[in-house]
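Step one of this worksheet: look at the structure below.
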Amino acid sequence: MTRARASTLALLLALAAAPARAEDAKPGPWSLPATGACQPKGGLRTAPGDDAPPQVPFQTGDSFEIARLEVLRHFIPKELWQYRDRFFYEGMRLEIGPCFRDYSAPAFYADATQKFRGQAKLDADGGLANYTAGQPFPPDAIGPADPQAGLLWAWNVALRYEGAGFRGKFRVTDLLGRVGRAEPFEGEIFKMNVSHRADRPDSGYAMPFAKGNHWVAGGKLLTPFNARDYAWRQYRNDENMVKAKRSDDLVAFLPEWRRVRRIPAADIEGLHMPSFAVGVVPAKQMVVGTGGSMGGGVAAGGSPSGVGGGTIQTKRSGFEGLEIRPVLWSYRVVGLQDVLAPINVAGAMYPDEPNREFGPWGLSFASDRWDLRRALVLEARVKGDPGYRGESRLLMYVDLQTLSPLYYVSYSKKEEPIDIGIFAGRWSEDRPDYPKWPDDPARPVRVIDSVGAAFANLAEEGSWRRESWDLVSTPPPDADLKRLESSTDLTKGR
């Protein structure tokens, strides 16, 4: 009897010490379902106006072919469902992964969130001031009726836990309809945070060479040949959080220039990266320009049009949706919805598997593992003029726990859909060879890396796909990161 009481007491103490993360532990407006609960308490979260099915019609381990896709309709965003023929196909085999698996950030990020709780503030223009590290606005401090709830969540998305950033190889392919295919381009890319680093409390949460920058990004092209060795650096200053007109600092190098040149970066929102223009540029013509929603660039193999006068605007960077600037948009919370999403895919792609099948449109991650996730749905409306692709409104589905992007839809000023995208992720803890933190190998990583994306360009009947299977979010050693941060490194070895 004494032994039984002792066992019961030990169990109760263990439960009390467990972190509260499930909705049955502490119900609230932003609660997460219990890990593994394919039938979450409180019913399903569905899109506004949709009727919820009586229960989740699947469980972990089930698989679905195209003939049974209708069963999953309530768990696919209705915007994607309308164009499902591009993302699901005959011959697919979608495997149901874990329900609400715990992908939470490591303790050091949560510690930073609590340490600086209540310090980050919104200014009159929607900018973020007095932010140091961690999540700027803890979910339990965001009221569902708060008129600024959408903006608060948008800043949480922008500053979500990403390790130290990301780095690795990539391939982006433009797809014109079902058959026409532009030449893919391949390269290396990185985006590394140099300040607001929750893993660096002993150095003031910043690298000593940050120089007021939040992050530095860059990379170089490997193919096609006429753009080989194009390299660039993009610097995002902390002023971008409060000043909508504060542009990034952007420099690039082409061998024929023989020096590093500054490139216009006005109103860039996301990552700059050389890209093809979907449906506009001939398949063999390479255009180098800005990513994100706006910007100019240079024609690879030609004169720097963005420097000498005039710009060539590009369609894609391949990394849309990963970096946002909330100060440029007005936000509202549309709601919460339980969705299936490829947040932790199992099938390799480029560079490990360069010949993976993506369906007849080249956009499908359907033959893979899809988890059941609770998504936060945000709507954003541009404050000024529409972006260079004409986007005036966005819908973003982000994972409520990690705030990683799951789905993305953009609309024109006339409310016509421009494009719709889906993101594929990969969980660091499922990768035995994942690189450790260089300054502390024992520190946990616990991050979702964005290893793929596919966007259907509805306005121009074109599409694109990104593959970046080996992306990692731990940084290189500090000395190597300092060299990456320097623009003088662009010309070395060329």
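Please arrange Arg431, Arg261 by how many other C-beta atoms lie within 10 Å of their C-beta, fewest to most.
Arg431, Arg261
The order of the peptides 478-487, 231-240 by mean Cβ neighbours within 10 Å, most packed first, is 231-240, 478-487. Place a label point 7 angstrom from the Cα of Asp140 along the Cα-to-Cβ direction, then list the residues of the range 82-122 whose backbone nitrogen is under 20 Å away. Zone members listed by number: 102-121.
Between Ala34 and Ala266, the simple spin-label model (points 7 angstrom out along Cα→Cβ) gives 5.7 nm.
Taking the number of Cβ atoms within 10 Å of each Cβ as an exposure proxy, the fewest-first ranking of Thr488, Thr46, Thr402 is Thr488, Thr46, Thr402. From the largest down, the range 335-431 spans 42, 30, 19 angstrom on the principal axes of its Cα atoms. In this simple spin-label approximation, Glu460 and Ala67 carry label points 7 Å from Cα along the Cα→Cβ vector, and these lie 4.0 nm apart.
On full extension, the segment bounded by Ala107 and Phe209 gains 34.1 nm, given 0.36 nm per residue less the C-alpha separation.
By the scheme Lys and Arg +1, Asp and Glu -1, what is the net charge of all other residues having a beta-carbon under 13 Å from that of Arg261? Don't skip to the answer; put the middle values down first.
Working: positive: Arg233, Arg258, Arg259, Arg262; negative: Asp249, Glu256.
Local net charge: +2.
For each pair in Lys211/Lys245; Lys41/Lys115; Lys220/Lys383; Lys191/Lys211; Lys191/Lys436; Lys191/Lys245, compute the distance between the two Cα atoms and list the pairs where it is over 26 Å. Don't skip to the answer; put the middle values down first.
Working: Lys211/Lys245 20 Å; Lys41/Lys115 32 Å; Lys220/Lys383 33 Å; Lys191/Lys211 16 Å; Lys191/Lys436 17 Å; Lys191/Lys245 22 Å.
Beyond 26 Å: Lys41/Lys115; Lys220/Lys383.
Using the Karplus relation 6.51 cos²θ - 1.76 cosθ + 1.60 with θ = phi - 60°, the per-residue 3J(HN,Hα) values for the range 317-325 come to 10, x, 10, 4, x, 7, 10, 10, 10 Hz, with x marking Gly and Pro. Ratio of Rg to Rh for the range 323-371: 1.14 [Cα atoms; Kirkwood radius as inverse mean 1/r over pairs]. You can think of it this way: the chain between Lys414 and Ala442 has 4.9 nm of extra reach, that is 0.36 nm per residue less the Cα-Cα gap. Highest mean first, the peptides 157-165, 204-212 sorted by other C-beta atoms within 10 Å per residue fall in the order 157-165, 204-212.
With a 10 Å radius around each residue's Cβ, average the other Cβ atoms per peptide and rank 362-369, 252-259, highest first.
362-369, 252-259
Cβ crowding within 10 Å, taken as a proxy for footprinting-reagent exposure, orders Met396, Met273 from fewest neighbours to most as Met396, Met273.
No value in this document is a laboratory result; all are computed from the given coordinates. These numbers come from a predicted model, not from an experiment. When we count neighbours, we look across all protein chains shown, and the Cβ atoms used for this are built from the backbone with ideal geometry, even at glycine.
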